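Derivation of every value follows stated rules applied to the coordinates shown; laboratory data play no part. The shown structure was predicted, so the numbers you read here are calculated from the model rather than taken from an experiment. Here the Cβ is made from the backbone with ideal geometry for all residues, glycine too, and neighbour counts use every protein chain on show.
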Amino acid sequence: MSTKATVLNIAIDIVTMPEAVARLEQFIAGKNPHMIATANAEMVILAQEDQELAAILNQCALVVPDGAGVVWAARHQGYTMPERVAGYDLSQNLLAHAARQGYRVFLFGSRPDIVEKAKKVAVERYPGLGIVGIRDGFFTPQDEPEIIEAIKTAKPDILLAALGVPRQEKWLAKNLSSLNVPVCMGVGGTFDVMAGTVKRAPAWMQRCGLEWLFRLIRQPQRIIRMIALPRFALKVMFDKKC
């Protein structure tokens, strides 16, 4: 069991990338359903106003520090947070392990063309990877029983859900026991990056915690979402209960 840091009342696991992957493999071996979240500053700020999301995050089996802001906040409070565990990188590490270990994977979310391309890229990148099903993220509540049944029938060990925050977290939490998948993880825009429709920041910008700036330059329309970053920093610095 890893130690946790509390950032604005959200518990974040203090883990390295190898430790996070090892935890996920333990979940797969144990067969019981687990929910994993990748928490960045934007998600933590959203959870301040969305109590349902906050409760879900604090009940997750693993919440990794996906974002330089969360790592900074934990360290600012005196926690020894070793590194950022980016959700995209965690998903790719998990897919690589799945290919080697024979884990079954289901990709759920994003546009139909993007999830198809993400599947194609994944099986090329990770030879031997068993993707047992895909489903796009466009559906109505009436479609949900069919989606749940399709996932259950495929019997994946890993379900990657790219529905966006907080929709993916709420959907996974609501259906976790019905799905009965050992590793259920919300992955946001991961399929877009895999499909090549969205580029990641250069490695040096990631190391310097400037991935947010790269995204803003590439997608100026994100400026409204980026307002969460200074709000997050101010709350961490001035909220003594964080």
query = What does the highest-first list of 22-29, 133-140, 81-88, 64-71 look like by mean Cβ count within 10 Å?
reply = 64-71, 81-88, 22-29, 133-140
ask   = FRET efficiency for R231 and F139, Cβ-Cβ distance as r, R0 = 35 Å, nearest 0.05?
value = 0.65
query = So who's got an amide H within less than 5 Å of the one on I12, skipping anything under 5 residues away but keeping other chains? H placed 1.01 Å off N, in plane.
reply = A5, T6, V7
ask   = Short version: what are the Cα gyration tensor semi-axes of the stretch 1-119, square root of 5 times each eigenvalue, largest first, in whole Å?
value = 25, 17, 14
ask   = With labels modelled as points extended 7 Å from the Cα through the Cβ direction, what inter-label distance (nm, one decimal) is found for E146 paired with D239?
value = 4.1
query = Given labels modelled 7 Å from the Cα in the Cβ direction, how far is it in nm from T197 to R100?
reply = 3.1
key: 3J(HN,Hα) from dihedral phi, the stretch 73-81, Karplus parametrisation 6.51/-1.76/1.60, rounded to Hz, x for glycine, proline   = 4, 5, 5, 4, 8, x, 6, 8, 8
Computed [θ] at 222 nm, deg cm²/dmol, the chain (DSSP H ≥ 4; -39,500 (n - 2.57); rounded to nearest 500) = -15000 deg cm²/dmol
task = Under 1.5 on a/c is rounded, so check that first for the stretch 1-54, then, if it is not, pick prolate when a/b is larger than b/c and oblate when it is not; a ≥ b ≥ c are the square roots of the alpha carbon gyration tensor eigenvalues.
result = prolate
task = Compare the Cα positions of I148, N175, G189 along the charge dipole of the chain (+1 at Cβ of Lys, Arg; -1 at Cβ of Asp, Glu; about the Cα centre) and return the one farthest towards the positive end.
result = G189
ask   = How many percent of Cα pairs in the chain exceed 29 Å?
value = 25
query = Between S178 and K155, what is the label-to-label distance in nm when each label sits 7 Å out along the Cα-to-Cβ direction?
reply = 2.2
Modelled FRET efficiency - R0 25 Å, R167 with T6, Cβ distances, 0.05 increments = 0.50
Long-range amide H partners of A162 with built H, under 5 Å = F108, G109, S110, V187
Centre separation in Å (Cα based) which lies between the stretch 7-57 and the stretch 114-130 = 25
key: Per-peptide average of other Cβ atoms within 10 Å, ordering 103-109, 6-12 highest first   = 103-109, 6-12
